[in-house]
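The values are calculated or read from the model by the stated rules, or taken from the named source; none is laboratory data. This is a predicted model, so every value here is computed, not measured. With ideal geometry, Cβ positions are generated from the backbone for all residues, glycine too; neighbour counts draw on all protein chains shown. To get the accessible areas, we keep the full protein, side chains included, count just its heavy atoms, and leave off ligands, DNA and RNA. Shrake-Rupley method; radii C 1.70, N 1.55, O 1.52, S 1.80 Å.
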Amino acid sequence: MGPGIAATFARNGYATTLSDVGAEQIDKARSAIDFVFSTLRSGDFVTDPDIQAALGRLKLTSDPSEAIAGADFIVENVPERLEAKRAVFEHLSAHVRTDAILASDTSGIPISALQKDLVNPGRVVGMHWSNPPHLIPIIEVIKGEQTAQATVDTTVALVESLGMVPGIVDRDVPGFVENRILYAIMREALHLLDEGV
């Protein structure tokens, strides 16, 4: 998800830095970004000059402090484990500007759990992208218990500036909206299969 998200920001005019844990992961991210732009070009969504301009706005680094220095908006995209995400948010909270928005691309971990005990928890918001993020135009914007309305408004405006459609989730329920509907459909499909339909 991370490379597709980074490519989407860069494609839409944002100076973007993607950070990962080491050189091997950065190489994988670079390959994934190349695949994203190849896919977009084959569908006539971008031209070669568009791609070159986007790549000029996109930086990859294994140094997280370099990635977050001076950032206005940060999207966390680590594996779906509460402890791992909490560690990232605690680090970010201590090392970025107090007005920088901290967004999580979690698909179901409560945003309220990520806000707990952070400096300025009102700046923490859910930003759940659909997969693949460079093609599916819906992004859920999830309010945690302490998320400030200004944070939601800024995130919604950012989503719209990417040419995406924001789905605002006002209550921080497990699975949010998209996944709850998806799993309901999957359960019904399995039930129909079990029933021999």
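Could you tell me whether residue 72 is touching a strand residue (DSSP E or B) at 6+ places or on another chain (Cβ under 8 Å), open to solvent by less than 50 Å² (accessible area, probe 1.4 Å) and closer than 20 Å to residue 154 by Cα? For residue 72, the condition - touching a strand residue (DSSP E or B) at 6+ places or on another chain (Cβ under 8 Å), open to solvent by less than 50 Å² (accessible area, probe 1.4 Å) and closer than 20 Å to residue 154 by Cα - is not met.
Applying a threshold of 6 Å to beta carbon distances and a minimum spacing of six or more residues, or different chains, the list of pairs starting in the range 18-36 at a residue that is in contact (Cβ under 8 Å) with a residue 60 or more places away in the chain and ending at one that is open to solvent by 20 Å² or more (accessible area, probe 1.4 Å) reads 36/134. Out of 19, 65, 38, 31, one residue alone is surrounded by fewer than 18 Cβ atoms within 10 Å (Cβ to Cβ) and modelled with pLDDT under 95. It is 65.
Taking the listed residues 97, 81, 86, the one that is over 16 Å from residue 3 (Cβ atoms), of a type in the set (Lys, Arg), open to solvent by less than 70 Å² (accessible area, probe 1.4 Å) and out of contact with any strand residue (DSSP E or B) (no Cβ under 8 Å at 6 or more places or on another chain) is 86, with no other qualifying.
Answer with yes or no whether residue 173 is more than 15 Å from the chain's Cα centre (by Cα) and under 21 Å from residue 114 (Cβ atoms). Yes; evaluated as a whole, the condition is true for this residue.
Residues of the range 182-190 include at least one that is open to solvent by 20 Å² or more (accessible area, probe 1.4 Å) and either under 20 Å from residue 9 (Cβ atoms) or of a type in the set (Lys, Arg) (or both). The single condition among (1) part of a loop (DSSP other than H, G, I, E, B); (2) within 14 Å of the chain's Cα centre (by Cα); (3) under 17 Å from residue 149 (Cα atoms) that residue 131 does not meet is (3).
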